[in-house]
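The values are calculated or read from the model by the stated rules, or taken from the named source; none is laboratory data. Here the structure is a predicted model, which is why all the values come from computation and not from measurement. Here the Cβ positions follow ideal geometry from the backbone for every residue, glycine too, while neighbour counts run over all protein chains shown. Each accessible area value is taken on the protein alone, full model and side chains, heavy atoms only, with ligands, DNA and RNA left out. Shrake-Rupley method; radii C 1.70, N 1.55, O 1.52, S 1.80 Å.
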Amino acid sequence: MCGRYTLLGDQLELLDEFALEQPIDDFHESYNVAPGQQVLAIIHDGKRKRAGYLRWGLVPSWADDPKIGYKMINARSETAHVKPSFKQLMAKRRCLIIADSFYEWKQTDKEKNPQRIQVADRKFFAFAGLWDKWTQGDETLFTCTILTKDSHGFMKDIHHRMPIILPKHAEDEWIQPVQFAPSQVSELLKQFEDPTFTAYPVSTYVNTAKNNDQQCIAALA
């Protein structure tokens, strides 16, 4: 799964990296992005790419209770194309969720130790995401989820699941305003190769979502 990540860097770097034409309203860095928070995402509105904030934890448009979002921070890519919550989003509501690293907890005999994981040759990268709009009365929510898959290679030693990180060349394709069959999108995801990762252990300080400072990413001695 993917339950925490970071986004640290300059807005101008992000605009350049993702070829965005407009500044990002309310842009802010985070050492500890957690479910339920507003997260930076990019969609295509049919005319241009747009960056803005979505709440992490998908609330399907048909849901009765928005609290369901806390159970839907991730979507399994292997089955998302057939699941009622995700299949139509696979077809037409795909997004980039922007990060510069993510955390995963490596199980040892006695405990789980957090690791900060980065892409070796990229400062910023994009998780493959899905988004939806939920409305009830006067309340409207725009929410998202991160697609995951079985780990292999480098990540398999850390955790059995991992977020899907899109290759740079596939980012615009992922959000293009074209409707595909959900099964086509599922097959597309299988074609993407993982990037080269690096990782180092960090303190369990990051386990608490309210902790959001330099200490979260400090390497353990």
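Annotations for the structure displayed:
- Residue count for the stretch 14-35, restricted to those that are more than 18 Å from THR143 (Cα to Cα), among the hydrophobic types (A, V, I, L, M, F, W, C) and open to solvent by less than 10 Å² (accessible area, probe 1.4 Å): 2
- Given (1) at pLDDT below 95; (2) farther than 30 Å from ALA199 by Cβ, index of the condition ASP132 fails: (1)
- Output for the stretch 164-184, where each listed residue is open to solvent by less than 60 Å² (accessible area, probe 1.4 Å), assigned to a helix (DSSP H, G or I) and either of a type outside the set (A, V, I, L, M, F, W, C) or closer than 18 Å to LYS83 by Cβ (or both): GLU171, PRO182
- For LYS87: the one exception among (1) open to solvent by less than 60 Å² (accessible area, probe 1.4 Å); (2) within 25 Å of LYS190 (Cα to Cα); (3) of a type outside the set (S, T, N, Q); (4) out of contact with any Asp or Glu (no Cβ under 7 Å at 6 or more places or on another chain): (1)
- Failed item in (1) open to solvent by less than 50 Å² (accessible area, probe 1.4 Å); (2) without any contact (Cβ under 8 Å) to a residue 24 or more places away in the chain; (3) over 28 Å from SER183 (Cα atoms), with LYS110 passing the rest: (1)
- Cβ-Cβ contacts under 8 Å between residues 6 or more apart (or on different chains), taken from a first residue in the stretch 40-65 that is more than 18 Å from TYR5 (Cβ to Cβ) and open to solvent by less than 50 Å² (accessible area, probe 1.4 Å) to a second residue that is assigned to a strand (DSSP E or B) and among the acidic types (Asp, Glu), are listed as VAL59/ASP132; PRO60/ASP132.
- Qualifying positions in the stretch 61-96 - farther than 14 Å from ASP132 by Cβ, within 18 Å of the chain's Cα centre (by Cα) and outside any loop (DSSP other than H, G, I, E, B): TYR70, LYS71, ASN74, ARG76, LEU96
- Of all residues making up the stretch 194-221, the number that are part of a helix (DSSP H, G or I) and open to solvent by 50 Å² or more (accessible area, probe 1.4 Å): 5
- Among the residues making up the stretch 1-13, those that are modelled with pLDDT under 95 and either over 18 Å from the mean Cα position of the chain (by Cα) or open to solvent by 60 Å² or more (accessible area, probe 1.4 Å) (or both) are MET1, ASP10.
- Failed condition for TYR53, given (1) hydroxyl-bearing (Ser, Thr, Tyr); (2) within 13 Å of the chain's Cα centre (by Cα); (3) under 22 Å from GLN215 (Cα atoms): (3)
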